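Student: Before I ask anything, here is the structure I am working with.
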Amino acid sequence: MEKNWSVSLEHGEYVNNIELLFNDAMAAVSQTAKGCYVNIVTPAKLGNPDDYLTDVLLLHFGNKVDAEFIDQCGCGGYVLRVWKSK
């Protein structure tokens, strides 16, 4: 994506399939253009994505990304913003 965007990973199978959430989050970051960010919305039931998703993304992408926990959104899910820096 050549712009900032959001991907919703908060419904369906994601609550019970953390590997699917990891894979789809990595795919979303991969699709994000350098200099842009993707807001990854994760299930409320899993809690703060900074506790389980940030490290996975940093291990996979290294210094090519920066991640910041934003907040819990009105729908109940949590938002992790991931910038593609390189």
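Student: Taking the condition aliphatic (A, V, I, L, M) and out of contact with any Asp or Glu (no Cβ under 6 Å at 6 or more places or on another chain), does ALA27 pass? Walk me through how you get there before you give the answer.
Tutor: On the way: aliphatic (A, V, I, L, M): yes; out of contact with any Asp or Glu (no Cβ under 6 Å at 6 or more places or on another chain): yes.
Yes, satisfied.
Student: Can you tell me which residue is nearest to VAL79 (Cα to Cα) among those in region 1-20 that are of a type in the set (A, V, I, L, M) and part of a loop (DSSP other than H, G, I, E, B)? Lay out the reasoning, then the answer.
Tutor: Residues of region 1-20 of a type in the set (A, V, I, L, M): 1, 7, 9, 15, 18, 20.
Pick out the ones that are also part of a loop (DSSP other than H, G, I, E, B) and you get 1, 9.
Numbers: MET1: 18, LEU9: 10 Å.
Filtering first and then ranking leaves LEU9.
Student: Report, by residue number, each residue of region 1-16 that is surrounded by fewer than 14 Cβ atoms within 10 Å (Cβ to Cβ) and either under 13 Å from TYR52 (Cα atoms) or among the acidic types (Asp, Glu) (or both).
Tutor: Residues satisfying the conditions are GLU2, GLU13.
Student: Anything in region 31-64 that is over 21 Å from SER85 (Cβ atoms), in a helix (DSSP H, G or I) and not hydrophobic (A, V, I, L, M, F, W, C)? List them, or say none.
Tutor: LYS45, ASP51 - these are the residues of region 31-64 that are over 21 Å from SER85 (Cβ atoms), in a helix (DSSP H, G or I) and not hydrophobic (A, V, I, L, M, F, W, C).
Student: Does VAL41 qualify as being of a type in the set (Val, Ile, Thr), free of Cβ contacts under 8 Å to residues at least 60 places away in the same chain, surrounded by 14 or more Cβ atoms within 10 Å (Cβ to Cβ) and in contact with a Cys (Cβ under 9 Å, 6 or more places away or on another chain)?
Tutor: The answer is yes for VAL41.
Taken together, the values in this text are just the output of simple stated rules run on the coordinates, not laboratory data. This structure is a prediction, so every number in the text was calculated from the model and none was measured. Using ideal geometry, Cβ is built from the backbone for each residue, glycine included, and neighbour counts are taken over all protein chains shown.
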